[in-house]
1. What is the Cα radius of gyration of segment 1-149 over 2.2 N^0.38 Å, N being its residue count?
2. Report the FRET efficiency, 1/(1 + (r/R0)^6), for MET1 and ASN97, where r is their Cβ-Cβ distance and R0 is 25 Å, rounded to 0.05.
3. Let me check the size of segment 169-303 from its C-alpha atoms; what are the radius of gyration and Dmax in Å?
4. Between rounded, prolate and oblate, where does segment 188-261 land on the alpha carbon gyration tensor, with a ≥ b ≥ c its root eigenvalues, rounded for a/c under 1.5, else prolate if a/b exceeds b/c?
5. With all protein chains present and a 1.4 Å probe, how do PHE43, PHE184 order by accessible area, largest first?
6. Say a paramagnetic label sat at a point 7 Å from the Cα of GLU83, along Cα to Cβ; which residues of segment 181-210 have their backbone N under 15 Å from it?
7. Roughly what would the spin-label model give for ASN222 and ASN183, points 7 Å off Cα along C-beta, in nm?
8. What's the percent breakdown of Cα-Cα distances in segment 35-85 across 5 Å bins, shortest bin first?
Amino acid sequence: MISILLMSDMHFGTDKALPYIDDSIRLVTFQKICMIARQHSLFIIAGDLFEGTIAHNPYYNAVTQLLQSLLQDGVKIIYIPGEAELADSSNIDAINNIPSTVTLFGGSDNYIDCALDNEIVYCYGGDSDITHITKASQEGFHIGVFHIDLEENNHTKTTSHTISVKLLKSMPLDFYALGHHHNFSMYKYKNKIIGAYPGSPEAVTLDETGDRYVLSITVMNNEIHQIKRITVNSLRIEKLTIQCDSIHSQDQLYNLLQPYNKPSVVLCCVLEGIRSFDASYIPQACDRCAGVIVQDNSKLSGEYICAMHKNEKTLKGYFFSELQKNCRNDVGDIMLDIINDIENTCAMYKGDL
């Protein structure tokens, strides 16, 4: 039996500046992944371990030390760089210095054979043309390791970076360990699993919500016996869309937010509709979250704007006080837009109006 751990797209050094999930969080997650890798014979890193200038990354030494420790413990490591690493031409030396049993990139050989637990695994990949890979032997289990865009659209033109699912199903290797897509995907053909993306183990963008994974793969008698997703992310992004029209009290808003108020959660709260409450209350109510991001697409209700300003001893205060007396609560869209425009115009000026 062969045990394989598959990871991709950690993106140490990403410049996307995702709030609250930085490289220190990624390192904690990578340490967890390396602990899991110790329980496997083979650790495959399918690209985009780093992003930007690798040698300047403050976590480069910590990552390489963790990988070197795995090698010393007898875990074989297959590593390929992805487009995020190859975007900077100065990264080549740093890529070659990342500890691995083999880095499938830039060499004349496009595969390596590894004897694991009395069985042989052949790993192919790197900058080889995926469409021209052939098995080096009829024995053993053959894995293609590629950082590539796999498209569901079977009419997609095949390139060195993109192939269709249909083409993948016709290719000769037993399994394709893939990186590039940041969400888990698995592909089957004739009741056999032929490929998988583990997805990013820690979120890189706000769209990468929920659990994030690495894949534990068991091979027996040259066939996949089991693939198991292992949740590894230290922080998880949860997205909550609030239709503000339906919120009629602070208690109602509090009860809606509380299931997300956890130290392991970065909450992305999207506000839609007509709002009659203070959006700054949301971070206060989520005081246990690792972070809160409020995306406010709402419009303030006319009643709420009037209530905010009616007690001000200014011309603006007098205006909104009189407006509240004379406007119905269910003002139409045009009147609401006018009230919002007046509020925004008033906010542009310094001093009392």
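The values are calculated or read from the model by the stated rules, or taken from the named source; none is laboratory data. The model shown is predicted, which means the values in this text are computed figures rather than measured ones. No Cβ is skipped: glycine too gets one built from the backbone with ideal geometry, and neighbour counts run over all protein chains shown. For accessibility, only protein heavy atoms count, side chains too; no ligands or nucleic acids. Shrake-Rupley method; radii C 1.70, N 1.55, O 1.52, S 1.80 Å.
1. 1.04
2. 0.15
3. Rg then Dmax for segment 169-303, in Å: 20.7, 71.
4. prolate
5. PHE184, PHE43
6. 181-183
7. It is 3.6 nm.
8. Taking all Cα pairs of segment 35-85, the binned fractions are 5, 20, 26, 25, 16, 8, 1 percent.
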